[in-house]
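First up is the structure itself, then whatever we jot down about it.
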Amino acid sequence: MAEVKVGLQDVVIATTEICSIDGQRGILTYRGYNIHDLAEHSTFEEVVYLLWYGRLPRPAELDELRRQLVEHRPIAPEMVDLLKRLPPPQHPMETLRTAVSALSLYDPEAEDMSLEANRRKALRLTGQMGTIVAAFGRIRDGQEPIPPDPNLNHAANFLYMLTGQAPDAETARHFDVALILHADHSFNASTFAARVTASTLSDMHSAITSAIGTLKGPLHGGANEQVMRMLLEIQTLDRVDDHIHRLLAEKKKIMGFGHRVYHTEDPRATVLRKMSEALGRRHHDTRWFEMSKRIEELMIREKKLNANVDFYSASAYYVMGIPVDLYPLIFAVSRISGWTAHVLEQYANNKLIRPLAEYTGPTNQKYVPIDQR
Ligand SMILES: CC(C)(COP(=O)(O)OP(=O)(O)OC[C@H]1O[C@@H](n2cnc3c(N)ncnc32)[C@H](O)[C@@H]1OP(=O)(O)O)[C@@H](O)C(=O)NCCC(=O)NCCS
């Protein structure tokens, strides 16, 4: 019997030049640049360029990418109509999955598999993802979508389209950093799903739709929402210990902890912890940060499990005023850059991804006619 690697754990299935993770030392790089450096000095737009083109842009190149992203932010009026007509979802990720799939019907190059057309589709999808999420956020509250503001960067424009108010510079920068931190993470489940779909030479929109369906799960992009729901249920710092002890005694998983690849602190959590604290202070609401800090202490002490990217992003987004059920969609607003970079890399050197399974079912069965069963 061949060795079975359940969950593909520790299996290396391809090479990539986009992103590296050192799970032992807690080091994440995009194209060789440490995530801490990028979080401190870069912008989301610059990171998008880096992921797509493999190097940092020169000023004119960055200006051009910014201009193109701004140009592609608006969505077709038919898409707004669609968002208005779709029934209320049980979870907003259903709407995002449907909307991104529908975008291909309005994309004149949907079936054009040339590199140039695929790069343009990556641009459109990245420009439009935030517009769809913000439009959905408003429509479901009975409000009209707000058109994008070309004078705002990607992060600030998203918060503006969602809330109707341009964020202050500090909040906008924190959100920009959150987008940088979520932009890519090598062969995580949703990126892998996108690459599997792309490896059949299916189109970019299909690959991204697969990724969104995969991101939706609570073990992946749904975790940050669950973290906030837990914090809201606990409500106060003095109730944290009892709540966490009870969940652990019931052998429940605490969302936002543990990781398949990191065996030390997730370097994104290091940045997000500081962000959650700073945003809490800025918005005069540090309760969620303080509760998170206590949960983290307990989890390290009792389970030796570190916080992952989803843990502190929850309390950070909450004080920014982002509705809790939109957290996984925010993940997609950023990760679209990494997904599309991976789809382009997959197309550039494609091999159908098709693993094997060890069959463990019954053998040598004799067919029994239906009237004799
Ligand atoms: C991320 C995750 C799916 C990785 O899973 P994995 O590599 O398959 O590891 P497992 O789920 O098998 O966990 C290994 C052990 O640690 C425990 N564990 C892992 N994460 C845990 C958590 N968040 N809370 C409590 N226990 C946890 C498991 O119960 C298991 O214990 P056991 O061996 O006694 O059964 C897992 O840590 C998890 O479910 N975390 C919560 C969801 C989350 O935050 N996801 C976002 C990831 S960025």
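What follows is calculated from the coordinates using simple rules that are stated; it is not laboratory data. Source: prediction; values computed, not measured. Every residue, glycine among them, receives a Cβ derived from its backbone with ideal geometry; neighbour counts consider all protein chains shown.
Highest mean first, how do 307-317, 353-363, 206-216 rank when packing is the count of other Cβ atoms within 10 Å averaged over residues? Working shown, then result.
Working: 307-317: 27.6, 353-363: 7.9, 206-216: 23.7.
In decreasing order of mean packing, 307-317, 353-363, 206-216 become 307-317, 206-216, 353-363.
Please go through the stretch 95-177 and write out the GluC sites (Glu not before Pro) that DSSP classes as loop and that have at most 12 other C-beta atoms within 10 Å.
Details: sites: 109, 111, 116, 170; in loops: 109, 111.
Listed in order of number, the matching sites are 111.
For the pair residue 373 and residue 40, how long in nm is the line joining their label points, each one 7 Å along Cα→Cβ?
6.6 nm
Can you tally the lysine pairs in the stretch 223-320 where the Cα-Cα distance is under 17 Å and the two residues are eight or more apart, or on different chains?
So the count works out to 9.
Could you calculate the contour length gain from residue 91 to residue 67, that is, 0.36 nm times the residue separation minus the distance between their Cα atoms, to one decimal place in nm?
Net length gain for the segment: 5.4 nm.
Calculate for the chain the 222 nm mean residue ellipticity that helices alone would give, adding -39,500 (n - 2.57) per DSSP H run of length 4 or more and normalising by residue count, nearest 500 deg cm²/dmol.
Numbers: 16 runs with 212 residues, N = 373.
So the helix-based figure for the chain works out to -18000 deg cm²/dmol.
Between residue 251 and residue 301, how many nm apart are label points set 7 Å from Cα along the C-beta direction?
Going by the 7 Å Cα→Cβ label model, 2.5 nm.
Peptides 198-204, 61-67: what's the order by average Cβ count within 10 Å, highest mean first?
Highest-to-lowest ranking by the protection proxy: 198-204, 61-67.
Please arrange 327, 160 by counting, for each residue, the other beta carbons lying within 10 Å of its beta carbon, fewest first.
On the way: 327 24, 160 20.
Fewest-to-most ranking of 327, 160: 160, 327.
For the chain, rounded, prolate or oblate, judged on the Cα gyration tensor with a ≥ b ≥ c (square roots of eigenvalues), a/c < 1.5 rounded, else prolate if a/b > b/c? List each step's numbers first, then the result.
On the way: a/c = 1.38, a/b = 1.06, b/c = 1.31.
Rounded.
Which of the three applies to the stretch 86-180, rounded, prolate or oblate, going by the alpha-carbon gyration tensor with a ≥ b ≥ c and a/c under 1.5 meaning rounded?
Oblate is the answer for the stretch 86-180, as a/c is 1.5 or above yet b/c matches or exceeds a/b.
Just going by the charge dipole of the chain, with Lys and Arg at +1 and Asp and Glu at -1 on Cβ, which of 52, 232, 118 is farthest out on the positive end?
Result: 232.
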